[in-house]
Amino acid sequence: MPLKLDGSCRCGRICFSADSHAPVPFMRCYCSICRKTAGGGGYAINLHADKQTLKVEGKTAVFHAGLDDGRGGCRVSTGERHFCAACASALWVFSPEYPELFHPFASAIDSELPKAPSLVHMMLSSKAAWVEPEIGPDDKCFDEYPDITLEDWHRARGLWID
């Protein structure tokens with residue numbers, strides 16, 4: 001049975017819950033969007049949850065980040081970053097390219113989360129100069145996106161919850 005995640009914003013105006021088959025907070029994203037919207041330590045941790053089980057009390061605000069198009073311009077991300085308009089707590093990211101999933105920020109989860117046996121550090125090419133990643137002996141590092149999904153990482157370690 002999947003782990004039920006319960007989350008909320010800091011001021012309590014928004015509460016949410018959802019089921020997760022992959023609840024271990026193992027991946028740290030150092031991209032400027034995650035860092036600036038949800039990463040007080042210089043990174044954010046996104047979890048994996050089933051969108052069809054998402055229940056929300058309260059109304060979230062949504063932010064679409066601008067992305068460098070590589071030609072001096074900008075395009076708007078399809079990713080929806082949900083947050084509380086009252087206290088600005090980052091809550092989750094939803095990408096319409098993967099409609100069955102959404103990615104709660106571990107920092108918004110009130111439930112007890114399992115400890116990760118190792119970490120994946122991604123988007124290290126985007127990290128801020130002041131950030132000193134704490135890289136363990138079994139951790140994996142990627143300048144851009146990793147070659148493994150949240151689901152694959154959990155399954156490979158026997159941590160996927162059916």
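The values are calculated or read from the model by the stated rules, or taken from the named source; none is laboratory data. In this text, all values refer to a predicted model and were calculated from it rather than measured experimentally. Positions of Cβ are backbone-derived with ideal geometry, glycine not excepted, and every protein chain shown enters the neighbour counts. We work out accessible area using only protein heavy atoms, side chains counted, and drop any ligands, DNA or RNA first. Shrake-Rupley method; radii C 1.70, N 1.55, O 1.52, S 1.80 Å.
Here are a few candidate values for mean projected area of the Cα convex hull in nm²: [x] 9.9; [y] 9.2; [z] 16.3. Which one was actually calculated from the structure I just gave you?
Given [x] 9.9; [y] 9.2; [z] 16.3, the structure-derived one carries the label [x].
Relative contact order for the range 18-162: what percent, with Cα pairs under 8 Å and sequence separation of 6 or more?
With pairs under 8 Å counted, the relative contact order is 29 percent.
By how many nm would the segment from V76 to D110 grow when fully extended, if each residue of separation counts as 0.36 nm and the alpha-carbon distance is taken off?
On the way: separation 34, 0.36 × 34 = 12.24 nm, distance 3.08 nm.
Value of the extension gain: 9.2 nm.
Please list, in order, the residues from the range 78-113 whose amide nitrogen is less than 15 Å from a point placed 7 Å along the Cα→Cβ vector of R10.
83-91, 107-109
Quick one: how many lysine pairs does the chain have with C-alpha atoms less than 18 Å apart and a gap of 8 or more or different chains? Give me the count, please.
So the count of such lysine pairs works out to 7.
Return the carbon/sulfur percentage of the accessible area of the range 5-124, one whole number, probe 1.4 Å, all protein chains in place.
Details: 2930 of 5810 Å².
Summing carbon and sulfur atoms, their accessible area is 50 percent of the total for the range 5-124.
Leaving out ligands and nucleic acids, and using a 1.4 Å probe, what accessible area per residue does the chain come to in Å²? Let's see the in-between values first.
On the way: 9010 Å² over 162 residues.
Solvent-accessible surface per residue comes out at 56 Å².
At 0.36 nm per residue, and after removing the present C-alpha to C-alpha distance, how many nm does the segment from Y145 to H64 gain when stretched out fully?
27.2 nm
Cα gyration tensor of the range 1-57, axes a ≥ b ≥ c as square roots of the eigenvalues: rounded (a/c below 1.5), prolate (a/b > b/c) or oblate?
It comes out oblate by the Cα gyration axes.
Given the protein chains as shown and a 1.4 Å probe, how many square angstrom of K55 are accessible, to the nearest 10?
Surface open to solvent at K55 totals about 140 Å².
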